[in-house]
Amino acid sequence: AVVSTQSTGDDEDLVSNVILGKIAIPLFNCKGLKKYILKDKTLSTIGKGELIVETSIFYNPVRAAIRTFTPKEEIIMKEATSFDISLLQRDVKRITAQMEILQDIGEGVDQIIRWRSKTASLFSMIIFVLVVYYIELWMVPLVVGLLLILSFVSRRMGIKRFESWIQNAANKPYYELHRKVEEGAGSQGISAKLDKFKALFATAEQIQTGLDLGASIGEKFGHIGQWKNPFITAMCTIAMLVVAVILHFVSIRYLIILWGLNKFRKFYLKPNLVDNNELEDLLSRVPSFPEIEQFRQIKPRVSMKNGGSHDVNHDEIKKRS
């Protein structure tokens with residue numbers, strides 16, 4: 001919703017529309033009478049004034065559930081997007097936060113596998129074997145549904161849960177938003193611009209590293225199929241055939257159990273063992289496209305007496321010698 005006001009000058013018969021702010025209200029929040037603080041046109045910072053809105057919504061739950069799995073209606077009249085360094089930094093922070101969550105989970109699993117706590121590691125190993133041995137396909141959606149129910153109950157009971165990596169301005173007090181806007185308006189000096197440039201270069205480096213990593217992984221998988229490194233591709237071919245034969249005679253449950261028990265065994269015997277990822281080690285031996293270009297040799301050329309040149313012919317070199 002866009003809230004605007006009309007102001008008429010005393011000397012001129014001109015009417016100007018001044019946008020006080022915008023608000024975005026999700027459908028599931030349309031319940032009764034509520035006061036909203038207006039935001040600016042980008043819906044990111046505080047606007048000018050407040051608005052009291054009374055809303056209600058009526059819908060058919062069955063039809064709403066069916067429509068949820070249909071394509072969403074696109075907004076035809078929307079503003080064109082433009083490059084903004086602050087939005088770029090926000091998106092990089094969002095991805096970094098998600099990667100940090102995965103990193104924390106990986107560190108927790110690593111602590112268990114390395115037997116930092118004997119009781120927890122032994123209990124986890126037994127649970128791992130039992131889960132892999134008895135799990136069925138129908139249990140996966142059942143567990144996901146139970147986790148969603150548990151999350152709903154914890155929210156109702158006020159139990160603290162994981163904070164979102166998206167900073168929502170609606171959760172901040174009014175005076176903090178107002179003070180932030182004033183401070184941002186007053187810090188437009190040279191130092192602030194230099195800080196923005198430094199942040200821009202740091203963000204660009206992170207994006208460049210991430211894009212290079214993602215492109216290299218995709219190229220290396222493609223180069224395995226294109227026999228860019230014949231030895232590795234032949235080895236992968238033989239390995240796939242052997243794995244196919246093993247999976248034909250041995251259940252995948254037992255293979256996963258043996259793989260997990262082997263992990264626990266290695267770190268129990270050698271707690272300081274440096275673990276490795278076999279797939280990552282394999283891909284590190286496969287060249288990416290920039291590496292192939294670096295390995296590509298330039299054909300030597302022999303200059304002639306008349307100023308011309310031609311490619312080197314090995315037979316001609318032998319005759320000359």
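So, in the range 141-163, how many residues would count as being β-branched (V, I, T) and modelled with pLDDT of 90 or more?
Here the count works out to 3.
Within the range 28-54, being open to solvent by 100 Å² or more (accessible area, probe 1.4 Å), within 29 Å of A80 (Cα to Cα) and at pLDDT 80 or above holds for one residue alone: E50.
One line per residue, one yes/no per condition, for (1) open to solvent by less than 60 Å² (accessible area, probe 1.4 Å); (2) over 15 Å from R265 (Cα atoms); (3) hydrophobic (A, V, I, L, M, F, W, C); (4) modelled with pLDDT under 85:
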| position | (1), (2), (3), (4) |
| --- | --- |
| F83 | no, yes, yes, yes |
| E107 | no, yes, no, no |
| W115 | yes, no, yes, no |
| S124 | yes, no, no, no |
| E136 | no, yes, no, no |
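For the range 1-27, a residue qualifies if it is modelled with pLDDT under 75 and either under 29 Å from the mean Cα position of the chain (by Cα) or among the β-branched types (V, I, T) (or both), and the qualifying residues are V2, V3, T5, T8, V15, V18, I19.
The values are calculated or read from the model by the stated rules, or taken from the named source; none is laboratory data. Worth saying up front: this structure is predicted, and the values here are computed from it rather than measured. The accessibility values were calculated without ligands, DNA or RNA, using every heavy atom of the protein model including side chains. Shrake-Rupley method; radii C 1.70, N 1.55, O 1.52, S 1.80 Å.
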